[in-house]
Every structure is written in C-alpha cells, then in structure tokens.
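Quick notes on the structure that follows.
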Amino acid sequence: MIDTGDTAWMLVSTALVLLMTVGLGLFYAGLVRSKNTLNTFMMCIAAIAVATVTWALVGYSLAFSEGSWFIGGLDYALMNGVMFDPIDNPFFVDADGAQTIPHLVFFAFQATFCIITVALVSGAVVERMRFGAFLLFAALWSVLVYAVLAHWGFGGGWLVAGGTLDFAGGIAVEMASGFSALAAALVVGARKDYGRQAILPHNAVYVLLGAGLLWFGWFGFNGGSGFGTNNLSVLAFANTLLTPACTLLMWFLLDHLRGRRITAVGAATAIIVGCVGITPAGGFISPIWAMVLGFGVAIPCWAVVAFRPRTRVDETLDVLAAHGIAGVTGILFIGFFAQAEWNGLADGLVFGNPGQLLDQVLAVATVPVYAFVMTYLLLRLIGFLMPLRASSQEEGQGMDLIYHGEEAYATGEGAILIRPDTPIEEVLAGTKR
Amino acid sequence: MKLVIGIVRPEQANDVLESLYNSEVNGFSVSRVQGHGGELDRVETYRGTTVKMGLSEKVRFEIAVSDAFVDPAIEALCEGGRTGEVGDGKIFVVPLERVVRIRTGETDDSAVTPVGA
C-alpha cells in the first residue's frame, strides 16, 4: 500500500542526499590546493554521472533484487519492473514488512547512496589521479564493491538477513568508502610533495560550508532510511542533530588539549565524523545514547587524523578516519546500546542481548576486508590498462589545467579571446594542453 | 654587491627555497608575478568562450647578496627551478648601489649579511 505522506518525505530525502554529494565536493575542494580545486570538485560531480548510470543499468538490481547470500540477481537490471508499486523482493515484503513507497522512489533514494559513496572514495586520490582512470574506477567500483556491500547490509544479503543492524549505511557507505580509500591511496601512491612540503587547505570557508551542506543533507540520508515517516525515521532524524553536536564539542576539547586552539577545519571534520557515527545507529539507539556516541566517536577518529600524516600513506582527505573508523564505531555501538524500547527490533548487550554485539562484530570483521581487497585488486587491474596518475610535472601544474583546461580562480588577465569560428587545429597550434 | 632576481615556476618555488637555505642564502623577498617569456600558450575553454592565456603565473625572488654569494644564489635558483621544459624562467643580476639595514643603519656588505652569520 502506497502512503502519500511517506512517499512525499522520501522524494524530499532523495533530493537531500543528492545535495550531499555537491556539499562533499565543496568540502573536498576547500581541503586541496587551489590548483586542484576544480578537479577535486569534478570527481564528486563525475560520481553523480557515472554511478547513476551504473546503478540504473545493473547496480541496483545486484544490490536489491532477490539473489544469493553474497549478491542480488538481475531481476531489476535495466530498471525492469521498477515502477509505481512498492518493491516486490520477498525479503522486503516478508522479513522487513512491505514498504509504503513506490519502487521508483526507493530506487532513486538508494541511487543517491551509491553516488555519494563513490564520491567519498575520491578523497583518497585527489591531486594526482588521472581523471579518465577515476571515471573507469568509479564505474567498476560502484558495481563490484558498493552494490555487493549494499546487498550484504540492506538488500537481503547475509549480514542483514543474519540480524546485523545497520540503519543507513555503516556497512555499504561508511566502512566501504573508508577502507576502499585506504587501498586506493596505497595503489595510487602519495603525491610528489607529500611529506616534503607543507600542503595546506586553500579555503577553509568552503570546508565549513561543505560540511554544513553535508549535515543538512544527512537529515534525508538518515531520516529517510526508515523509508517513510515512521518512528525509526523520526528517531534517526533527531539523532542526526544530537550526535554531531556532541562530536563537535569533543573535537573542540581534543583540539584544545593538543594545540591550545579550536580549529575550523577540525570542526568541519567533526561534523562529518558525528554524522557518520550516527548513520548505522540512527534509528536503533535512544537520543541520550546517541549523544554519548557523539562524544565517543570523536576520540578514535581524531586519533587517526592526528596519526595518519606521520605515515607514508597519503590517504589525502582522511576518508579512513572520518568514514571508516567512525562507521566501525557506530556499527559496534549498536551492539552495546541498541534498545528495543526505541527501535522495536532488538536490544544490545547493555540491555541484555549479547548476541547483537556478535552480529555487529561480524560486519566489522568482514566488510573492511572485502572493501580493501576488492578496491586494491580493481585499481591494480586498471593500472595495467592505463596509467593511474599524472606525471610529476603535471602534478606540479595542477589537475585543473591538465584535465579540465580551466582554473578555479581565473583572473582573465592576459587572456586572449579566440574567435568562435577558429578551427580547433589552429587554436591548438603552438600551444600546450 | 648584486641584486639577483630569479623568476621561476610557482610549482618550483618550494624547491628553490630549499636550495637557497642549503646554500646559506637567507635573505630574500618573494612575490607572485605574471609574465610572458616565449613559452607555449595554454588554451582554456569556459562554456562557449575559448581563450589563450598569454600570461603565466611565476614567482619572483629578489636576493640582495655580497659578491661572494652571487654564484651560490644563482646556482641555487637554477638547481631548484629547473625542470628542463620551456618556461623555467630567468635570472637577472644587477649591480646594487647602496644597501641600508633600517633597524641599525648599517650599510652595504654588513647590511646584506644576515644577523648572526
């Protein structure tokens, strides 16, 4: 039965989650050097283009149609049967209770999750990866890694069927992107200046604005993951306000203890970490425990952000810390503090159900391994077909000029207009591209 | 005393700084400039508008040195600034008539010698 109220909210939620990817682009663009602003932003925009198409063609079906414990089938490939009635996969009709929104809306909502997860991984390889290689990577990753883990966590695969709780994507979005980012950073390698020169965020205002847009969009991400306007969605919505606020306060404290100053870029990071922490737990824990989670999740993530630059691993924008580690924390937190009184489904260890913690540990033990290994192999494979990264000379000039032929902050000084009817050969003669 | 002016690629500026420090040339000014030195133009397109960018971003080092430091300064600029491609920049060496350190009123060689050297 379609519920119009539920459907209306899910339409809005879908748009909110899509805005997150643009917000992420702004967040990432502010964190890199000015010569790489557009390329960094464009990786997120490209994720929208590539992942939407792969999702419609095959990704959605592999994640959400009836299949095996590992991966879904091809029933919904090419959007076959994705229409106005609710999804008819028996897993959703029987086990979870039938949905009250059109299948098309569910499809679009889930597509935006795939998009942002692909965009998140780009944070590990910005400022040196070739744009063409990234497009191919995005297409293959969205199917081979995201769709599979979405099946495990949401679509009837072995984790969700076995009782692991993941409200809005601690498995498929957060742990998947975080540990894939680590693998991608290892295969693509460090930027040529990494560890040799100070590389600073070029616009901290973009970083804060991007984080703010992400938080705004996250109300659709978590608030829509009850697939309606039910209690779970309402609880997750409120928790999406509470948790990041607490993470911010804890991050302030940690920043202050280390440097005697509270940093803006740190605050932006804290917003993301808080939102990620509450993502898996949103509809399952009480508001007061969500606040505890907010304070708690800051600690391991802050530690990894502080430690990572001491290594040779140039996981450039700390996707592992902000998403991988925060996702792990949120997934495990459910095992302790899930409360049937609030979620109507299951209690955690603290409320007398130690089995739930075991289910959660199962996800933490397997999902990072799958994401890391698959991403590592996939990038090695693409590396055989084409170079993964720009030459060190191109890296020096910046990706914006090399791959896009544009500058983020063009002044126009010294620009000579070329008449529109000039043949392209003539334009390019005596120039470098 | 000479004023050594080095115009280099922005992406080489950090390498130049490193080689200057290694050569113990410690006093200089740095500014961002735009110029044209015969290198190939870049083509950029913004919607329907295609342009050739006739001016390239460069970084300009101005280094006032006593005679003994002229060659080390030039070597450091070359070492840090060279990529081998057109557009690596130029070095100009011009005579200096007078140098005054404002704080003490010291002049000439003692004014271009860094404090503590």
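The values are calculated or read from the model by the stated rules, or taken from the named source; none is laboratory data. Owing to the predicted nature of the structure, the values given are computational and were not obtained by experimental measurement. Note that we place each Cβ from the backbone using ideal geometry, even for glycine, and neighbour counts take in every protein chain shown. For accessibility, only protein heavy atoms count, side chains too; no ligands or nucleic acids. Shrake-Rupley method; radii C 1.70, N 1.55, O 1.52, S 1.80 Å.
When residue B:59 is tested against (1) in contact with a strand residue (DSSP E or B) (Cβ under 8 Å, 6 or more places away or on another chain); (2) open to solvent by 70 Å² or more (accessible area, probe 1.4 Å); (3) at pLDDT 90 or above, only condition (2) is not met. Yes or no: segment B:36-59 includes at least one residue that is under 23 Å from residue A:408 (Cβ atoms), assigned to a strand (DSSP E or B), within 10 Å of the chain's Cα centre (by Cα) and more than 14 Å from chain A (Cβ to nearest Cβ). Looking for residues that are under 23 Å from residue A:408 (Cβ atoms), assigned to a strand (DSSP E or B), within 10 Å of the chain's Cα centre (by Cα) and more than 14 Å from chain A (Cβ to nearest Cβ), one finds none in segment B:36-59, hence no. Residue check: residue A:347 meets all listed conditions (1) within 14 Å of another protein chain (Cβ to nearest Cβ); (2) among the charged types (D, E, K, R); (3) open to solvent by 20 Å² or more (accessible area, probe 1.4 Å) but one, namely (1). Restricted to segment A:368-412, and to residues there that are within 23 Å of residue A:320 (Cα to Cα) and aromatic (Phe, Trp, Tyr), the residue that is most open to solvent (accessible area, probe 1.4 Å) is A:376. Looking for something in a strand (DSSP E or B), touching a residue at least 60 places away in the same chain (Cβ under 8 Å), open to solvent by 40 Å² or more (accessible area, probe 1.4 Å) and in contact with a helix residue (DSSP H, G or I) (Cβ under 6 Å, 6 or more places away or on another chain) - is there at least one such residue anywhere in segment B:1-15? Yes.
For (1) open to solvent by less than 40 Å² (accessible area, probe 1.4 Å); (2) closer than 23 Å to residue A:216 by Cα, each residue gets a yes or a no:
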position	(1), (2)
A:27	yes, yes
A:36	yes, no
A:57	no, no
A:73	yes, no
A:87	yes, no
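Evaluated against (1) open to solvent by less than 10 Å² (accessible area, probe 1.4 Å); (2) closer than 28 Å to residue A:127 by Cβ; (3) assigned to a helix (DSSP H, G or I), residue A:315 falls short on exactly one condition, (3).
Would you say residue B:25 is open to solvent by less than 50 Å² (accessible area, probe 1.4 Å), among the hydrophobic types (A, V, I, L, M, F, W, C), assigned to a loop (DSSP other than H, G, I, E, B) and more than 11 Å from chain A (Cβ to nearest Cβ)? When the stated conditions are applied, residue B:25 passes them. So for segment A:292-301 (the condition being open to solvent by less than 30 Å² (accessible area, probe 1.4 Å), in contact (Cβ under 8 Å) with a residue 60 or more places away in the chain and either in contact with a Phe, Trp or Tyr (Cβ under 7 Å, 6 or more places away or on another chain) or assigned to a helix (DSSP H, G or I) (or both)), does at least one residue qualify? Looking for residues that are open to solvent by less than 30 Å² (accessible area, probe 1.4 Å), in contact (Cβ under 8 Å) with a residue 60 or more places away in the chain and either in contact with a Phe, Trp or Tyr (Cβ under 7 Å, 6 or more places away or on another chain) or assigned to a helix (DSSP H, G or I) (or both), one finds none in segment A:292-301, hence no.
Among the candidates A:167, A:219, which residue alone is in a helix (DSSP H, G or I), in contact (Cβ under 8 Å) with a residue 12 or more places away in the chain and buried (at least 18 other Cβ atoms within 10 Å of the Cβ)?
Working: A:167 fails: in a helix (DSSP H, G or I).
From the options A:167, A:219, the qualifying one is A:219.
So that you can scan it fast, the table gives a plain yes or no per residue for (1) part of a helix (DSSP H, G or I); (2) surrounded by fewer than 23 Cβ atoms within 10 Å (Cβ to Cβ); (3) more than 14 Å from chain B (Cβ to nearest Cβ):
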{"residue": "A:190", "(1), (2), (3)": "no, yes, yes"}
{"residue": "A:194", "(1), (2), (3)": "no, yes, no"}
{"residue": "A:197", "(1), (2), (3)": "no, yes, no"}
{"residue": "A:201", "(1), (2), (3)": "no, yes, yes"}
{"residue": "A:211", "(1), (2), (3)": "yes, no, yes"}
{"residue": "A:225", "(1), (2), (3)": "no, no, yes"}
{"residue": "A:228", "(1), (2), (3)": "no, yes, yes"}
{"residue": "A:241", "(1), (2), (3)": "yes, yes, yes"}
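Scanning segment A:378-406 for residues that are touching a residue at least 40 places away in the same chain (Cβ under 8 Å), more than 7 Å from chain B (Cβ to nearest Cβ), among the charged types (D, E, K, R) and in contact with a helix residue (DSSP H, G or I) (Cβ under 7 Å, 6 or more places away or on another chain) yields A:380, A:389, A:400.
Let's see how each residue does on (1) open to solvent by 60 Å² or more (accessible area, probe 1.4 Å); (2) in a helix (DSSP H, G or I); (3) closer than 21 Å to residue A:83 by Cα:
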| residue | (1), (2), (3) |
| --- | --- |
| A:1 | yes, no, yes |
| A:39 | no, yes, no |
| A:42 | yes, yes, no |
| A:45 | yes, yes, no |
| A:54 | no, yes, yes |
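When you check residue A:362 against the structure, is it touching a residue at least 60 places away in the same chain (Cβ under 8 Å), open to solvent by 10 Å² or more (accessible area, probe 1.4 Å) and more than 30 Å from residue A:210 (Cα to Cα), yes or no? Considered against the rule, which asks whether it is touching a residue at least 60 places away in the same chain (Cβ under 8 Å), open to solvent by 10 Å² or more (accessible area, probe 1.4 Å) and more than 30 Å from residue A:210 (Cα to Cα), residue A:362 comes out as yes. I'd like the residue in segment A:267-291 that is surrounded by 24 or more Cβ atoms within 10 Å (Cβ to Cβ) and over 16 Å from residue A:220 (Cα atoms) and, out of all such residues, is nearest to the chain's Cα centre (by Cα). Restricting to residues being surrounded by 24 or more Cβ atoms within 10 Å (Cβ to Cβ) and over 16 Å from residue A:220 (Cα atoms), the top hit is A:273.
Could you list all residues from segment B:95-110 that are surrounded by 10 or more Cβ atoms within 10 Å (Cβ to Cβ) and under 20 Å from the mean Cα position of the chain (by Cα)?
As a first pass, look at segment B:95-110 and keep what is surrounded by 10 or more Cβ atoms within 10 Å (Cβ to Cβ): B:96, B:99-101, B:104, B:106-110.
Of everything in segment B:95-110, those that are surrounded by 10 or more Cβ atoms within 10 Å (Cβ to Cβ) and under 20 Å from the mean Cα position of the chain (by Cα) turn out to be B:96, B:99.
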